[in-house]
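**Student:** Sending over a structure as structure tokens; questions will come in a sec.
The values are calculated or read from the model by the stated rules, or taken from the named source; none is laboratory data. Being a predicted model, the structure only gives us computed values, none of them experimental. Because the Cβ atoms are built from the backbone with ideal geometry, glycine has one as well, and the counts that use them run over all protein chains shown. In case anyone asks, the SASA skips ligands and DNA or RNA and just uses the protein heavy atoms, side chains included. Shrake-Rupley method; radii C 1.70, N 1.55, O 1.52, S 1.80 Å.
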Amino acid sequence: MGTEIPTSPEISEALLLPETNKTAATVNLDQDEHVPEWKEQITIRGLVVSALLGTLFCIITHKLNLTVGIIPSLNVAAGLLGFFFVKSWTGFLSKLGFTVKPFTKQENTVIQTCVVACYGLAFSGGFGSYLIAMDEKTYKLIGADYPGNHAEDVINPGLWWMIGFLFVVSFLGLFSLVPLRKVMVLDYKLTYPSGTATAMLINSFHTNTGAELAANQVKCLGKYLSLSLVWSCFKWFFSGVGDACGFDNFPTLGLTLFKNTFYFDFSPTYVGCGLICPHIVNCSVLLGAIISWGFLWPFVSQHAGDWYPADLGSNDFKGLYGYKVFIAIAIILGDGLYNLVKIIAVTVKELCSNSSRHLNLPVVTNVVDDEASEILLVKKKRDEVFLKDRIPLGFAVSGYVGLAAISTATIPLIFPPLKWYFVLCSYFIAPALAFCNSYGTGLTDWSLASTYGKIGLFIIASVVGSDGGVIAGLAACGVMMSIVSTAADLMQDFKTGYLTLSSAKSMFVSQLVGTAMGCIIAPLTFYLFWSAFDIGDPNGPYKAPYAVIFREMAILGIEGFAELPKHCLALCYGFFVAALIVNLLRDITPPKISQFIPIPMAMAVPFYIGAYFAIDMFVGTVILFVWERINRKDADDYAGAVASGLICGDGIWTIPSAILSILRINPPICMYFKPALAS
């Protein structure tokens, strides 16, 4: 799994309530509108659109996972594209004279939920991390003679076993927290910023006042999707055979910086990520690139022959490559551990304060004016709709127990080193961890699924030992990561459903359907990449950077740090502590200062991958920054549509590109740059 970056601003539920200067008639629109029955919210056309968008978003997620490992939140894009597809289809049928069923915001929400559940498995399913870390290429990349890296700890990707594995682990997270939906959404009033932002978008699409803006956003998305698709197709013609050709290797900043991976590679996807990610994320990535590729790696390279043998290959873990991987791991673990402890502490504090508030309820009721009364009526309507279609507690508990039993019996057949009792223990503690992750996501918009997975990885790998510990640890990572990730996604979609007057039952069913789609679509789309491209090649476009990192984590859990190159461990300790200190500074300094302090997790990514994508993302953030200064309202209204169009257009081109590669049809031109020969 890559690093999932939250993209939504801090948004409170109050923003979705009617503004106080609106008339009572406007306020009543929400409370008096007809809410379809939960079965009517799930439509055939909605499921078809969900499958199409789920496929597209799985491809985008795989591409990002296998290249840079940074995945922006695509919830808002899912809501926007769902509206775009259905409105285009209903408009087309209406022009032909057919009578079409009205497109409601509840149906739009169901589509968004289904799409998020589907592409979420491309993210939490480990196709760029723990699953691919088991394959033979990653094993060979680390080296057959590397201590703890054994040939028997290899399982190559297989379509059927990956589908089977996802089916037995992906549904448990949905059942684990269903009984707590009222507690999380109504009692604790958690924000879930991405879910709230998506609800704002969907509500604006389905009101008369937002119709014009919605139409313009859809046009903007279509325009930039087309431009991105055409540009990606154009780039392909110059990319030749091999990995050194084309615009992806254009030395825009000069050949000297190009050697240190500093160049703009004209990627619409990364520029789109820069537009959709917060400025601090993009600047953190660039800062990480400057520290590592601008200073640290050139400094370490000067000590070749002293700190490590000078004649090692570029991918040998006993040389410079080892510093890149293990320092990146140290930063990621430092950031993840700090945020895990922080969110658990915040969760406990909030739970205690909530209990205290419930024990000391006020006796006096404040008098409210007409405006506040109308807002309370709107809230009451949302509460009623959210609680109307109940999901029985017995159904949730029996579903979790039954799925856990099936999974406990099945997973050891897929991964023999992971014994049934390890799986069973995971399912005993998973609901508590799923609650922590869902609560933390509600507060901060950060899902720490990968951190929980890494904890499971280290524990199981060290317990099992050298006889199968690598596979057991990676598989345990997948089990834990899947549960806590899907639970947080479900609760976030419950928040979206609550704010759009969508039934909780339709949300749950659409999550089940989307997860089932993802169990099939995510492996199929990954297999498209696996068959068409050289996945895992450190010199190719699809490096799968987290595969090496996750396998090395499992080996570390078994073998320790004995074989690292000179001073590597000291540097790892230093960067681990630095990650903790930077996070602490972000929390204890005032907001006007902390907003400029970088995010260690984002800084870690270029340490291993390179600086080129950081340049692309920084270009995106500069465009957004200038746009905000020129016209803030336009930037707020259209930046998401532009970013979604750029990302989706490039993602769509991946399909014909992969087909051409499978058919062995190569680009006709190789555009290549090298230094001029001296006269």
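**Student:** Keeping all protein chains in the complex and leaving out DNA, RNA and ligands, what accessible area do you get for T61 with a 1.4 Å probe, in Å² to the nearest 10?
**Tutor:** Here the residue's solvent-accessible area equals roughly 0 Å².
**Student:** With every protein chain left in place and a probe of 1.4 Å, what is the accessible surface of S88, to the nearest 10 Å²?
**Tutor:** Accessible area, nearest 10 Å²: 60 Å².
**Student:** Looking at the chain from every direction and averaging, what is the projected area of its Cα convex hull in nm²?
**Tutor:** Mean orientational projected area (the chain, Cα hull): 32.5 nm².
**Student:** Relative to the compact-globule scaling 2.2 N^0.38 Å, provide the ratio for the alpha-carbon radius of gyration of the stretch 131-255.
**Tutor:** This ratio for the stretch 131-255 stands at 1.76.
**Student:** Right, another one. Protein chains only, probe 1.4 Å: how do W231, W297 rank by accessible area, largest first?
**Tutor:** W231, W297
**Student:** If ligands, DNA and RNA are left out, what is the accessible area of H206 with a 1.4 Å probe, given in Å² to the nearest 10?
**Tutor:** 50 Å²
**Student:** Moving on. Compute the distance from the alpha-carbon center of the stretch 237-289 to that of the stretch 608-679, in whole Å.
**Tutor:** For the stretch 237-289 versus the stretch 608-679, the Cα centre distance is 8 Å.
**Student:** Determine the alpha carbon to alpha carbon distance for each of K219/K633; K324/K566; K101/K182; K189/K381; K189/K505; K101/K380 and list only those over 23 Å.
**Tutor:** From K219/K633; K324/K566; K101/K182; K189/K381; K189/K505; K101/K380, over 23 Å: K101/K182; K101/K380.
**Student:** Using unit Cβ charges (K, R positive; D, E negative) and no other charged atoms, how large, in debye to the nearest 20, is the dipole of the chain about its Cα centre?
**Tutor:** The dipole magnitude comes to about 520 debye.
**Student:** Round to a whole number: what % of the accessible area of the chain belongs to carbon and sulfur, probe 1.4 Å?
**Tutor:** Here carbon and sulfur together make up 67 percent of the probe-accessible area.
**Student:** A further question follows. Would you mind getting me the FRET efficiency between H303 and I630? Use the beta-carbon distance for r and R0 = 60 Å, nearest 0.05.
**Tutor:** Efficiency, from the Cβ-Cβ distance: 0.80.
**Student:** Compute the accessible area per residue over the chain, keeping the other protein chains in place, probe 1.4 Å, unit Å².
**Tutor:** So the chain comes to 40 Å² accessible per residue, rounded to a whole number.
**Student:** Calculate for the chain the 222 nm mean residue ellipticity that helices alone would give, adding -39,500 (n - 2.57) per DSSP H run of length 4 or more and normalising by residue count, nearest 500 deg cm²/dmol.
**Tutor:** For the chain, the value works out to -22500 deg cm²/dmol.
**Student:** Note down the nm distance, to one decimal, between modelled labels 7 Å out along Cα→Cβ at A310 and at S531.
**Tutor:** Spacing of the two 7 Å Cα→Cβ label points: 4.8 nm.
**Student:** Also, I was wondering about something else. Can you give the Kirkwood hydrodynamic radius of the stretch 547-600 from its Cα pairs, in Å with one decimal?
**Tutor:** Over the stretch 547-600, the inverse of the mean reciprocal pair distance is 13.3 Å.
**Student:** Further question on the same structure: Farthest toward the dipole's positive end in the chain, which of Y452, L528, V385, given Cβ charges of +1 (Lys, Arg) and -1 (Asp, Glu) about the Cα centre?
**Tutor:** V385
**Student:** Okay, moving on. Using 5 Å bins from zero, what percent of all Cα-Cα pairs in the stretch 538-679 falls into each bin?
**Tutor:** 2, 6, 8, 12, 15, 15, 13, 12, 11, 6, 2, 0
**Student:** What is the distance in Å between the Cα centres of the stretch 374-429 and the stretch 464-527?
**Tutor:** Each part's Cα centre sits 11 Å from the other's.
**Student:** If you take the charge dipole of the chain about its Cα centre, with +1 on Lys and Arg Cβ and -1 on Asp and Glu Cβ, which of L663, F127, G46 is farthest toward its positive end?
**Tutor:** Of the options given, the answer is G46.
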